[in-house]
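Below is one structure, written out as structure tokens; the observations come after it.
The values are calculated or read from the model by the stated rules, or taken from the named source; none is laboratory data. Model, not experiment: these values are computed from the prediction. A quick note on method: Cβ atoms are made from the backbone with ideal geometry, for glycine too, and the neighbour counts reach across all protein chains shown.
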Amino acid sequence: MTALSQDTASASRSAGILPLLKTAFFNALVALVLFSLMVGIRTEAGSDGQLTYWTRFGELASLVAAVFGGSIVIELLRQWIGPTGAEKLVPPAVQSGMSFIGRYLAPALLIFTLLVPVIFYNQRYILDLAILVLTYVMLGWGLNVVVGLAGLLDLGYVAFYAVGAYSYGLLATNFGWSFWICLPLAGILAAFWGVLLGFPVLRLRGDYLAIVTLAFGEIIRLVIINWQELTGGPNGVSGIPRPTFFGIPLDNSDDGLAAKLGIEYSPTHRIVFLFYLILALALLTNWVTIRLRRLPIGRAWEALREDEVACRALGINTTTTKLTAFATGAMFGGFAGAFFATRQGFISPESFTFQESALVLAIVVLGGMGSQLGVALAALAMIGGFELFRGLEGYRMLVFGMAMVLIMIWRPRGLIGHRAPTVYLTKAQAISSDLVKEGHG
Amino acid sequence: MDYFAQQLINGLVLGSIYGLIAIGYTMVYGIVGMINFAHGDIFMIGGFIALITFLILVSLGLTAIPVILLVVLLVAMAITALYGWTIERIAYRPLRHSFRLAPMLSAIGMSFVLTNYSQVAQGARVKPIPPFITGGYTLHESPDGFVIQLSNIQIMVVVTTIVLLAIFTWLVSRTRLGRDMRACEQDQTMAALLGVDVDRTISMTFVIGAALAAVAGLMYLLYYGLVDFFMGFVAGIKAFTAAVLGGIGSLPGAMLGGLAIGLIETFWSAYFSVEYKDVAAFSILIVVLIFMPTGLLGRPEVEKV
């Protein structure tokens, strides 16, 4: 933040139209060189493998012009906001109002979520989107245990999601076991993999931990792709049975739930059921996390995040602390994976790429690590925002990446910058998250 | 035995390319202390720029291969270096004093931007070029007909790597810029107090790292004869693995790690299964880190209490 405010300070000192144009001109020049070959010239391999190219100087010119105009607008905005930064734009009355809203936001959000299937009963698209958002809320809360609470930077979280999904998919298709037997099994198997990953990384810290978890995620994905006999390789597992309402199928048959209840069958029933299922799973994750934070193990996680050396000096067993964090986070990832498999009815390795891990990590960090409400809001913002660009397939990830960069610059500490401490020594005080070390491991 | 020797050559060449990317990685890590996830994509951009420059030069009617190579090398290095500089300015500099995870996430975001930018700009299909440098030497011919080949491209890749490694070792250990870089690595605040322009030094590190990645991109293009928009991700993880394996922050370590990864991959593909070569490379990384948590040539981390 200091660097940014210094930047704005120097920018406002040099107010005036000429320096402004000079900056914009310089930026446009840089853009011209950057885009010259990549945008100005388009290559394509012809049918005989010979490369051809054609020029696109019009697009190049408009891009450079956009950079020129954009940098003028940004500079003007900076001068208008002034050196104090954007935070002063919000008057104190609004800020105190916001903290008032903050207290009631979580219950209000929960009630609204419970009512979503009632309000949007006939809008299949919104229900599907809500299920997707809730899946990511659950994944975010699960990863929050590892990154937010224990401070262990995990870049391969999607591996556990994959383990859960494949556990359920393979058990259900090969043995015909029901969802309610496979769900705990998927969680246990994922937790087991979490422990397995935990062992090698016990001695590693920070960035080494990041690369090992990333490598682990890739190993799981590559094994899934290449172990064709078991996983079907790139073709994935299809025909995964739909979940049942405790043994009663949700379909149009005579044994179906609708027939038993004597109401008319509608395909929306299954969607609504899935919605409440993932909501229950997500709330379970949240509840377990909140409860665990009050137990010695949860406090050990937070102590580990703050300072590993002090933690060891206090006699906390860092081995079990790290392993339980990995196992707990992985278990929730496994649950989410099993849910994903039953919702889709089809899974393939494409759903478990590094992109997903990065997305979940972005949700956790953007939410303000350790903040349960923040993670939920961030999942809503990220997945909802991502949906806005569904039509522009190629540009979607481009915009997503840019948003990630801009959000990090705007709020490096996440949406919810404050986090309530678990233990109050004297009086309850909110600690600014600027003061705590996170992802330190 | 002959087969082994041939694989050794192939592994060393692949390892040289990984090493070149890993040096850029490790330099940035050493100074800024951040994982530059976009580095693999900068390598990919370098490959693309080299490809397009080739195409233009050839269509202009140039035939002298050394001239073409030199121009392509310079153009690719210059433009890719500008990419490195711009990325640092936009995505990393505002976050330099932020907490650890923020610059890493913005680097991941930047990596997505670059990957999809080149997909949107150049299309998703693989871009091949015809072989430019052909020919080579037969080192040994065994009675059963197996021939150990050393192609000119392989010689070029290894020689370029050695020359660049020498230049950059000299740069870091002997020049003013190298001294500034080492000072920033030790303590940025102290370096700034002593008159080192920290911002400029960090920018230059990114510029040099990106230029090296561009050379690696060019070598990859010449060696494999193709580029595609997604190659940055895998190459990036491999280079990252190499840097960590060698001890992150150490230049010779990065080169050693790159060679190790190249050799492991080549031998695994030759004697076991091609499909699991990446699994083998990553597994060995995990095993090495269990026994040597700071890598092969890394300094032990000092715990500050």
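Key figures
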{"quantity": "Options B:Leu218, B:Leu226, B:Leu212, B:Leu256; residue that is of a type in the set (A, V, I, L, M), surrounded by fewer than 24 Cβ atoms within 10 Å (Cβ to Cβ) and under 14 Å from B:Ser16 (Cβ atoms)", "calculated": "B:Leu256"}
{"quantity": "Members of the stretch B:43-70 that are under 23 Å from B:Gly84 (Cβ atoms) and either of a type in the set (Phe, Trp, Tyr) or loosely packed, with under 11 Cβ neighbours inside 10 Å (or both)", "calculated": "B:Phe43, B:Phe48, B:Phe54"}
{"quantity": "Failed condition for A:Pro243, given (1) within 14 Å of another protein chain (Cβ to nearest Cβ); (2) surrounded by 17 or more Cβ atoms within 10 Å (Cβ to Cβ)", "calculated": "(1)"}
{"quantity": "Answer from A:Ala165, A:Ala215 - the residue that is under 21 Å from the mean Cα position of the chain (by Cα) and more than 14 Å from chain B (Cβ to nearest Cβ)", "calculated": "A:Ala165"}
{"quantity": "Residue tally, condition under 18 Å from the mean Cα position of the chain (by Cα) and within 10 Å of chain A (Cβ to nearest Cβ), over the stretch B:265-294", "calculated": "4"}
{"quantity": "Filter pass, B:Ala107 being more than 7 Å from chain A (Cβ to nearest Cβ) and modelled with pLDDT of 95 or more", "calculated": "no"}
{"quantity": "Candidates B:Glu265, B:Glu275 - the one that is of a type outside the set (Val, Ile, Thr), surrounded by fewer than 21 Cβ atoms within 10 Å (Cβ to Cβ) and more than 17 Å from A:Phe216 (Cβ to Cβ)", "calculated": "B:Glu275"}
{"quantity": "Considering residues of the stretch A:157-183 that are surrounded by fewer than 21 Cβ atoms within 10 Å (Cβ to Cβ) and more than 19 Å from A:Phe246 (Cα to Cα) only, the residue modelled with the highest pLDDT", "calculated": "A:Leu170"}
{"quantity": "Any pair with Cβ under 6 angstrom, 6 or more apart, that starts in the stretch B:6-35 at a residue that is closer than 21 Å to B:Tyr271 by Cβ and ends at one that is of a type in the set (Lys, Arg)", "calculated": "B:Tyr18/B:Lys238"}
{"quantity": "The stretch A:246-266, residues that are surrounded by 11 or more Cβ atoms within 10 Å (Cβ to Cβ) and either within 29 Å of the chain's Cα centre (by Cα) or aromatic (Phe, Trp, Tyr) (or both)", "calculated": "A:Tyr265"}
{"quantity": "Selected residue (only one of A:Leu34, A:Leu63, A:Leu29 is farther than 16 Å from B:Gly46 by Cα and either away from chain B (no Cβ under 12 Å) or surrounded by 17 or more Cβ atoms within 10 Å (Cβ to Cβ) (or both))", "calculated": "A:Leu63"}
{"quantity": "Yes/no for A:Leu202 being under 26 Å from A:Ile290 (Cα atoms) and either surrounded by fewer than 22 Cβ atoms within 10 Å (Cβ to Cβ) or within 14 Å of chain B (Cβ to nearest Cβ) (or both)", "calculated": "yes"}
{"quantity": "Scan of the stretch A:338-356 for residues that are within 26 Å of A:Leu110 (Cα to Cα) and within 14 Å of chain B (Cβ to nearest Cβ), ordered by number", "calculated": "A:Glu356"}
{"quantity": "Qualifying residue in the stretch A:199-207 (condition: touching a Phe, Trp or Tyr at 6+ places or on another chain (Cβ under 6 Å) and more than 22 Å from B:Phe233 (Cβ to Cβ))", "calculated": "no"}
{"quantity": "Only listed residue being touching a residue at least 60 places away in the same chain (Cβ under 8 Å), of a type in the set (S, T, N, Q) and either buried (at least 20 other Cβ atoms within 10 Å of the Cβ) or in contact with a helix residue (DSSP H, G or I) (Cβ under 9 Å, 6 or more places away or on another chain) (or both), chosen from A:Asn226, A:Asn235", "calculated": "A:Asn235"}
{"quantity": "Matching entry among B:Ile68, B:Ile90, B:Ile45 (being modelled with pLDDT of 95 or more and in contact with a helix residue (DSSP H, G or I) (Cβ under 8 Å, 6 or more places away or on another chain))", "calculated": "B:Ile45"}
{"quantity": "In the stretch A:37-55, the residues that are facing chain B (nearest Cβ under 9 Å), out of contact with any strand residue (DSSP E or B) (no Cβ under 8 Å at 6 or more places or on another chain) and outside any helix (DSSP H, G or I)", "calculated": "A:Val39, A:Gln50"}
{"quantity": "So A:Ala191, is it under 24 Å from A:Phe245 (Cβ atoms), buried (at least 23 other Cβ atoms within 10 Å of the Cβ) and either over 17 Å from the mean Cα position of the chain (by Cα) or acidic (Asp, Glu) (or both)", "calculated": "no"}
{"quantity": "Test: residue in the stretch B:174-188 that is at pLDDT 90 or above, in contact with a strand residue (DSSP E or B) (Cβ under 9 Å, 6 or more places away or on another chain) and surrounded by 19 or more Cβ atoms within 10 Å (Cβ to Cβ)", "calculated": "no"}
{"quantity": "Qualifying positions in the stretch B:25-77 - assigned to a loop (DSSP other than H, G, I, E, B) and either under 22 Å from B:Leu164 (Cα atoms) or within 11 Å of chain A (Cβ to nearest Cβ) (or both)", "calculated": "B:Gly33, B:Met34, B:Ile35, B:Asn36, B:Phe37, B:Ala38"}
{"quantity": "Entirely in the stretch A:204-269, the helices (runs of 4 or more DSSP H) that have 1 or more residues that are of a type outside the set (Gly, Ala, Ser), touching a Pro at 6+ places or on another chain (Cβ under 7 Å) and closer than 30 Å to B:Ala242 by Cα", "calculated": "A:206-226"}
{"quantity": "Unmet criterion (only one of (1) closer than 26 Å to B:Ile23 by Cα; (2) in contact with a helix residue (DSSP H, G or I) (Cβ under 7 Å, 6 or more places away or on another chain)) for B:Leu74", "calculated": "(2)"}
{"quantity": "Number of the condition not met by A:Pro83 [criteria: (1) at pLDDT below 90; (2) assigned to a helix (DSSP H, G or I); (3) surrounded by 14 or more Cβ atoms within 10 Å (Cβ to Cβ)]", "calculated": "(2)"}
{"quantity": "Subset of the stretch B:78-103 [crowded, with 23+ Cβ neighbours inside 10 Å and more than 7 Å from chain A (Cβ to nearest Cβ)]", "calculated": "B:Thr80, B:Gly84, B:Ile87, B:Glu88, B:Tyr92, B:Pro103"}
{"quantity": "Those residues of the stretch A:238-266 which are of a type outside the set (A, V, I, L, M) and touching a residue at least 40 places away in the same chain (Cβ under 8 Å), in sequence order", "calculated": "A:Ser238, A:Gly239, A:Pro241, A:Arg242, A:Pro243, A:Thr244, A:Phe246, A:Gly247"}
